[in-house]
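The values are calculated or read from the model by the stated rules, or taken from the named source; none is laboratory data. Predicted, not measured: the structure shown is a model, and the values here were computed from it. These area figures cover heavy atoms from the full protein model, side chains too; ligands, DNA and RNA do not enter into them. Shrake-Rupley method; radii C 1.70, N 1.55, O 1.52, S 1.80 Å.
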Amino acid sequence: MEIFEDKNHKIIHGDAIKALNEIADNSIDLIFADPPYNIGKIFNGHVEKWDSDEAYLNWCYQWIDLCIKKLKPNGSFYVMTSTQFMPYFDIYIRAKLNIMARCTNLSCSVLKIKTTIHLIQMIFWLRQKLGQKES
């Protein structure tokens, strides 16, 4: 895990589950999560593909729940996801947080199989539900 910080800010680069477990609850002002999309892209020699969509979603729900726990009552949480997982994220998250906005970004990618795909990346802007956490 790498930590980049100054007196007012901290960026943590590492395994999400491990890093989040080391952070105090209700202590983060802003979380921006851009997880792997489970579409088989290669990053640093690692193919980011889970054994099943269910395994991927279970992993996502685990770090999403930890992020919610770590977020300050007035904090913001931005989550990126791909087209195919957007409905799952949306349903899971909206039961826990207010979705303030859903933004899209169209991108094209070339996969290992040399196919061009068009992928709409969804970005959720999330806030705590009123009365959910104490200040």
Exercise. Ranked from the most accessible area to the least, with a 1.4 Å probe and all protein chains present, what is the order of Cys60, Cys103?
Worked result: Cys103, Cys60
Problem set entry | Residue-wise HN-Hα coupling along region 25-39, computed from phi with Karplus coefficients 6.51, -1.76, 1.60 (Hz; x: Gly, Pro) | 5, 6, 10, 10, 7, 9, 10, 10, 10, 10, x, x, 9, 6, 10
Seminar exercise, completed: Excluding residues fewer than 8 positions from Lys7 in its own chain, the aspartates and glutamates with Cα under 15 Å of it are Asp29
For this session: List every residue whose amide H lies under 5 Å from the amide H of Asn26, counting only residues 5 or more places away in sequence or on a different chain, with H placed 1.01 Å from N in the peptide plane.
Result: Lys70, Leu71
Problem set entry | Phi-based couplings in Hz for region 82-92 (Karplus 6.51, -1.76, 1.60; Gly and Pro marked x) | 9, 3, 5, 9, 3, x, 5, 4, 4, 5, 5
Exercise. Accessible surface of Arg94 in the full protein assembly, 1.4 angstrom probe, to the nearest 10 Å²?
Worked result: 120 Å²
Seminar exercise, completed: Residues meeting the amide H criterion for Gly75 (H placed from the backbone, H to H distance under 5 Å, 5 or more places apart or on another chain) are Gln128
Problem set entry | region 1-87: antiparallel DSSP beta bridges as a percent of all, rounded to 5 | 55 percent
